[in-house]
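Novice: Pasting in a structure now, in structure tokens, and then I'll have a few things to ask.
The values are calculated or read from the model by the stated rules, or taken from the named source; none is laboratory data. Quick caveat, the model's predicted, so the values are computed rather than measured. No Cβ is skipped: glycine too gets one built from the backbone with ideal geometry, and neighbour counts run over all protein chains shown. Protein only, heavy atoms only, side chains kept; ligands, DNA and RNA dropped before computing areas. Shrake-Rupley method; radii C 1.70, N 1.55, O 1.52, S 1.80 Å.
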Amino acid sequence: MDLRAALLRHVTRPPRSAGEPMVDSAPVARARARERSDGYRRGGRGGVRRKLIWAIALAAAGLLLSACSNGGPQDTWDPAGPVAQQQKDLLVPILWIAAGVFVFVEGGFILISLRFRHRKGRDRIPAQTHGNSRLEIGWTIAPAVVLAIVMVPTVAMIWELDVRDPEAMQVTVKGYQWWWGFEYADEDMTTAYGEGQPIILADVLVIPEDTPVELTLVTAGGGARDEAGVPDFQVNHSFWVPRLFGKQDAIPTDEGHILFSADEPGTYWGQCAEFCGLQHTKMKFRVVVLDQPSWETWVARQKEGGDLPADPLAAQGMDLFLNGDFEGGQCTACHTIGDTAAAGTAGPNLTHFADPTHECFAGCDWETYVDGQPNLEALKAWLRDPGAVKQGAKMPDYDLTEDEIDAIAAYLYSLR
Ligand code: CUA
């Protein structure tokens, strides 16, 4: 129901005689009196308020612009593979169309606001255009036409990118709380240990350059399972590597798929893009792309189990890791280390924890190496009290002594 006529009637009354203004001047006079008594006028408190608004706007713009950076590791504008390139090629023209709409609408808005603003001595209500069919039809059809134009290439690309390729390298991506696990599903990517289980990585996905890779995205819970074997905390995640491909959900009810490839060797940063709990913002990962010879060496190495440590401290750490019965549990309950008795699956597979391609750990919160040296301080802080350095982390605090922490850290860094 249109109430504007009734509202207008409230502030207007029929002219008493010819030449008299349409609008009741009493409310206007009252408002002016209020302005005077408030000291609300140019140069007074209004001036201060205006300056304050400008200061806040400038500070907000400064904050917004300081968030921009050039050449960051997660730069959508710097695609490093055909999928990201295609998505950018679609995004750029659509952004230009959106910019055109913005300038037209906001420009018109500002122009009309200035041109028809209230001026001193003007008590007349401007001509009302309500019910102007031409305008109404015009501003209904114009956005529909713009959306239809944008929709054609967008929907076409959704179909184009939603393809599967059984010939591509197959990797299952599992979203845990809060880290990503990668399982190589191809037959030639199984290990020599266990019962020929697949190569499994945590935090870093390693792929060869210029090779189609098909990811199957699932959500894998927080580690523990209920009595029926169903993982707990099967929350929604979203898998995103801005320089390689757009976001794709990892949800409990359906599998997501991404078919992509990377042009050049290098490291590409990724990020969980859907709120999934306490450590969502730090559910990071990386994609390391290797040239063909490095890839073959890497695969051969991954198929083997963990090294037996030569260093006595590391050997002691291995014993603690495999046989230590700490207050609260054992490392082996959650972690696998190939060729040992450790076969837990709730936490990251640590078989090649110290391999140089495993650039980061614990949801990529820490670099595994800093200036080429093991990042022992970070690993020890993590072992000392996981919840203290990563709130909500599912890894329990086993109350390890400093000696035990030193030994276990030495062991993990011997797993190259
Ligand atoms: Cu996983 Cu956000």
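Novice: State all residues of the stretch 56-96 that are open to solvent by less than 70 Å² (accessible area, probe 1.4 Å) and more than 29 Å from S261 (Cβ to Cβ); if no residue qualifies, say none. Lay out the reasoning, then the answer.
Specialist: Of all residues in the stretch 56-96, those open to solvent by less than 70 Å² (accessible area, probe 1.4 Å) come to 57, 59-62, 71-76, 78-84, 86-88, 90-94.
Selection gives A57, A59, A60, A61, G62.
Novice: Name the residue that is most open to solvent (accessible area, probe 1.4 Å), counting only residues in the stretch 249-284 that are without any contact (Cβ under 8 Å) to a residue 60 or more places away in the chain and near the ligand (Cβ under 8 Å from one of its atoms). It would help to see each step written out before you state the result.
Specialist: Filtering the stretch 249-284 down to residues without any contact (Cβ under 8 Å) to a residue 60 or more places away in the chain leaves 249, 251-256, 265, 273-275, 281.
Remaining after also requiring near the ligand (Cβ under 8 Å from one of its atoms): 273-275, 281.
Numbers: A273: 36, E274: 51, F275: 158, T281: 95 Å².
Among those that are without any contact (Cβ under 8 Å) to a residue 60 or more places away in the chain and near the ligand (Cβ under 8 Å from one of its atoms), it is F275.
Novice: Separate question: Looking at L320, L290, can you tell me which residue is surrounded by 19 or more Cβ atoms within 10 Å (Cβ to Cβ), in the same structural domain as V173 (by TED's automatic domain parsing) and in contact with a helix residue (DSSP H, G or I) (Cβ under 7 Å, 6 or more places away or on another chain)?
Specialist: Working: L320 fails: in the same structural domain as V173 (by TED's automatic domain parsing).
Only one candidate passes the filter, namely L290.
Novice: Is the stretch 177-200 home to any residue that is farther than 21 Å from V241 by Cβ, among the aliphatic types (A, V, I, L, M) and not assigned by TED's automatic domain parsing to the domain that holds T351? I'd like the intermediate steps shown before the answer.
Specialist: Pass one, the stretch 177-200, residues farther than 21 Å from V241 by Cβ: 187-188, 190-198.
From what is left, the residues that are among the aliphatic types (A, V, I, L, M) are 192.
Pick out the ones that are also not assigned by TED's automatic domain parsing to the domain that holds T351 and you get 192.
Checked the stretch 177-200: at least one residue is farther than 21 Å from V241 by Cβ, among the aliphatic types (A, V, I, L, M) and not assigned by TED's automatic domain parsing to the domain that holds T351.
Novice: Examine the stretch 368-377 for a residue that is under 21 Å from W178 (Cβ atoms) and touching a strand residue (DSSP E or B) at 6+ places or on another chain (Cβ under 9 Å), and state whether such a residue exists. Show your work before the answer.
Specialist: Within the stretch 368-377, the first condition is being under 21 Å from W178 (Cβ atoms), and the residues that meet it are 368, 375.
Still in the running and touching a strand residue (DSSP E or B) at 6+ places or on another chain (Cβ under 9 Å): 368, 375.
Yes, there is a match, as at least one residue in the stretch 368-377 is under 21 Å from W178 (Cβ atoms) and touching a strand residue (DSSP E or B) at 6+ places or on another chain (Cβ under 9 Å).
Novice: Okay, next question. Hey, among L400, L376, L412, which residue is in contact with a helix residue (DSSP H, G or I) (Cβ under 8 Å, 6 or more places away or on another chain), of a type outside the set (F, W, Y) and open to solvent by 30 Å² or more (accessible area, probe 1.4 Å)? Lay out the reasoning, then the answer.
Specialist: Details: L400 fails: open to solvent by 30 Å² or more (accessible area, probe 1.4 Å); L412 fails: open to solvent by 30 Å² or more (accessible area, probe 1.4 Å).
Just a single option satisfies the conditions, and that option is L376.
Novice: Considering G387, G372, which residue is free of Cβ contacts under 8 Å to residues at least 24 places away in the same chain and more than 26 Å from V230 (Cα to Cα)?
Specialist: Values: G387 fails: more than 26 Å from V230 (Cα to Cα).
None of the other options fit; the residue is G372.
Novice: Now a separate question. Taking the stretch 49-78 as the search range and keeping residues that are in contact with a strand residue (DSSP E or B) (Cβ under 9 Å, 6 or more places away or on another chain) and in contact (Cβ under 8 Å) with a residue 24 or more places away in the chain, which one is farthest from G246 (Cα to Cα)? Explain how you work it out, then say what you get.
Specialist: Step one: of the stretch 49-78, the residues in contact with a strand residue (DSSP E or B) (Cβ under 9 Å, 6 or more places away or on another chain) are 72-74, 76.
Of the ones still in play, those that are also in contact (Cβ under 8 Å) with a residue 24 or more places away in the chain are 73-74, 76.
Values: P73: 15, Q74: 11, T76: 9 Å.
This residue is P73.
Novice: Moving to a separate point now. Considering only the stretch 217-238, state which residues are open to solvent by 20 Å² or more (accessible area, probe 1.4 Å) and either modelled with pLDDT of 95 or more or basic (K, R) (or both). It would help to see each step written out before you state the result.
Specialist: Step one: of the stretch 217-238, the residues open to solvent by 20 Å² or more (accessible area, probe 1.4 Å) are 218, 224-236.
Hit for the stretch 217-238 is R225, nothing else.
Novice: So which of A156, A142 is open to solvent by 30 Å² or more (accessible area, probe 1.4 Å), closer than 30 Å to I258 by Cβ, assigned to a helix (DSSP H, G or I) and not assigned by TED's automatic domain parsing to the domain that holds Q248?
Specialist: One residue alone meets the criteria, A156.
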